[in-house]
Every structure is written in structure tokens, then in C-alpha cells.
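Taking it in order: structure first as C-alpha cells, then the write-up.
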Amino acid sequence: MAFVTQHQIQKFREDGFLVLEHFFTAEECDSMRNQIQKIVAEMEVPPHCRTEFSTKEDEQLQAQGSSDYFLTSGDKIRFFFEKGVLDEKGNFLIPKEKSVSKIGHALHAYDPVFKQITHSSKVQELGRKLGLERPVVVQSMYIFKQPGIGGEVTPHQDATFLHTEPLGRVLGFWIALEDATQENGCLWFIPGSHTSGITRRMVRAPSGTSTCVEFVGSEPGYDDSQFIPLPISKGGLILIHGEVVHKSELNSSESSRHVFTFHVMEAKGTSWSKENWLQPTPELPFPSLYT
């Protein structure tokens, strides 16, 4: 078990992120990769649901915003695709296992392998070390970052999409299931950028509008030189503060960069915004991280 020191927790508070190498074993990583292979092999995607995933704002609004498929994926296991992998009829142009961008957003609740990892004793212990009293799991995603086509993720703050009152209550757990390098699209962060709030929110649009979500505010231009890369080896965990600015580049390499990531909210004294795209449902209230 990776032992987390008070010094590391202090560093997390200062930087807004923390790298914990070898937090999970190679076996745990392989069990997640094997499980996702099975899920993709059995994937049946209705053509009208073949939503391409994008983080560029206009494409995001157009592809996800008009898509009930995205908006209602919070309590399901659903598939989102890279750009250019489907023809105009929604048929795959490349093997389907190489076409998936991500799978979300409830693997932690409905898949036994991912559920076990999310609630593993070392994750729970880390939560307690961080002082989380009533942490709940709000979403999870498996991200593929496919070789050659794994798209860039533009600079953002997770709290843009997962808003709480007060801020500072959302925490990402980002697990590298294979080595993440500068070549295959590791994460980049601006250290200390989690202390000045957020500038942009993605909110549910009023019913009757053409898109289901819209952006309020705007993302400032960030200076590329402020970002530092965080390569990490297989099994490593990066803790991500909800307001820290981070990004990843296009994967131009020959190797994929598989990741399992989930977000936790400290529920004590916190309200989850009713305007967030993701909402707890009667079928899936946010489950407690502690079991």
C-alpha cells in the first residue's frame, strides 16, 4: 500500500495535485483493462447514440448538448467516440475497440471490477488521510486516449462541470493503467492554480432550448509555459483538486494511454448544483466512498 505522508498532503494543498507512483499494482491495472475489453466487445451502440466526444466548447455543445445520451449517462455505462471514427450513417470506419474515446459515467456503481477499485481500502484510507468526512462518488470514466487519434483535452477545471457550493469539495482520482508519457498524452498542470475559483460553468440549459447544456463565463487564455507535465507509470495515481487547471495533449504516439478516473465530493456541508449536467437519480444516489 502506498503510504501517504503529511508532507505529501501539504504539497497537494499547495499545488492542487499530487502524484502517487505505484498506488495500484500491475495486477489491479490489468484487471481493469481486461474488464473494459469485455465491456467493449459486448458494446451495442444504437446509431443515433453514437455521440462523438469533444472538449472544444462549440463541438461539446453541439455533440453533447443536444444529446440526451450524454445527459442521462450519469447512472449508466455508456460509450463516447473519437472524432472521425464513424461515417455519416454512424458505422465504424475502424475497429470499434480502437474507436472509443471514453466510457462513463457509472462504472464505479455497476461494474464489479471498477466498483472494487473505487472503494478499495487504500482509496478509503487516502480519503481519511485527506480529512474527507462524508465523501461520495459522483462519476467515473474509463479514458482510452487511442494511439494517433486520442484527442487533446483543452485546459479546464473539473469544477466547471461538477459545481458545488462551496467550491473546493470535488476531488479527482486519476489512475494510469499504462505508462502515461509526454508522447502519449500525459496530464499537464498549472501548480497552485486551484486557489482563485472558477471562470466558467457548464450548466443545464432551460428546457425548450436547442442544446441541453450551455457554458456560462469563459475559459481565460492560459500561458503554455505555466504548465508542467506529469508523466506517471502504470499503477500511479494523480489526485486532482476540483479547481486546478490541467490539460492533456493529442496522443500522437503508437501506444494508447488507458486511464480509470473517478470524482469524489465531500458531502458534509456541501450542496451539489442543480444546474450540473450530472445529477444523482433515484436509481443511483451518489454512493458513499466509505463502505
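Compare 107, 237, 93 in a GNM of the chain, Cα atoms joined below 10 Å, and give the one with the largest fluctuation.
93
What do you get for GluC sites (Glu not before Pro) in the range 129-203 restricted to DSSP loop and a cutoff of at most 11 other Cβ within 10 Å of the site's Cβ?
Answer in residue order: 133.
Less than 15 Å from a label point 7 Å out along the Cα-to-Cβ axis of residue 224: which backbone N atoms in the range 136-164 qualify, by residue?
The answer is 152-155, whose backbone nitrogens lie closer than 15 Å to the label point.
How large, in percent, is the carbon and sulfur part of the accessible surface of the range 161-291 at a probe radius of 1.4 Å? Please report the intermediate quantities before stating the final value.
Details: 2850 of 5360 Å².
Carbon and sulfur atoms account for 53 percent of the accessible area of the range 161-291.
If you filter the range 193-262 for chymotrypsin sites (Phe, Trp or Tyr not before Pro), then keep DSSP loop positions with at most 12 other Cβ within 10 Å, what is left? All intermediate terms of the calculation are to be shown ahead of the outcome.
Details: sites: 215, 222, 227, 260, 262; in loops: 222, 227.
Answer by residue number: there is no such site.
In what sequence, largest accessible area first, do 110, 142 appear using a 1.4 Å probe?
Numbers: 110 110, 142 0 Å².
Order by accessible area, largest first: 110, 142.
Residue separation times 0.36 nm, minus the C-alpha to C-alpha distance between residue 44 and residue 87: what's the value?
Details: separation 43, 0.36 × 43 = 15.48 nm, distance 1.66 nm.
Full extension of this stretch gives 13.8 nm more.
Pop out the ³J(HN,Hα) list for the range 275-282 in order, Karplus 6.51 cos²θ - 1.76 cosθ + 1.60 with θ = phi - 60°, rounded to Hz; leave Gly and Pro as x.
8, 4, 4, 8, 10, x, 10, x
For the pair residue 270 and residue 207, what calculated FRET efficiency results from E = 1/(1 + (r/R0)^6), where r is the Cβ-Cβ distance and R0 = 30 Å, to the nearest 0.05? Display every interim value, and only then the final one.
Working: r = 26 Å, r/R0 = 0.88.
FRET efficiency, residue 207 to residue 270: 0.70.
Put 224, 75 in order of accessible area, largest first, 1.4 Å probe: what do you get? The partial results should precede the final answer.
Values: 224 110, 75 20 Å².
Largest accessible area first, the list is 224, 75.
Rolling a 1.4 Å sphere over the protein heavy atoms, what is the accessible area per residue of the chain, to the nearest Å²? Display every interim value, and only then the final one.
On the way: 12650 Å² over 291 residues.
Averaged over the residues of the chain, the accessible area is 43 Å².
The values are calculated or read from the model by the stated rules, or taken from the named source; none is laboratory data. Since the structure is predicted, the reported quantities are computational estimates derived from the model, not experimental observations. Virtual Cβ from ideal backbone geometry, glycine too; neighbours counted across all protein chains shown. In case anyone asks, the SASA skips ligands and DNA or RNA and just uses the protein heavy atoms, side chains included. Shrake-Rupley method; radii C 1.70, N 1.55, O 1.52, S 1.80 Å.
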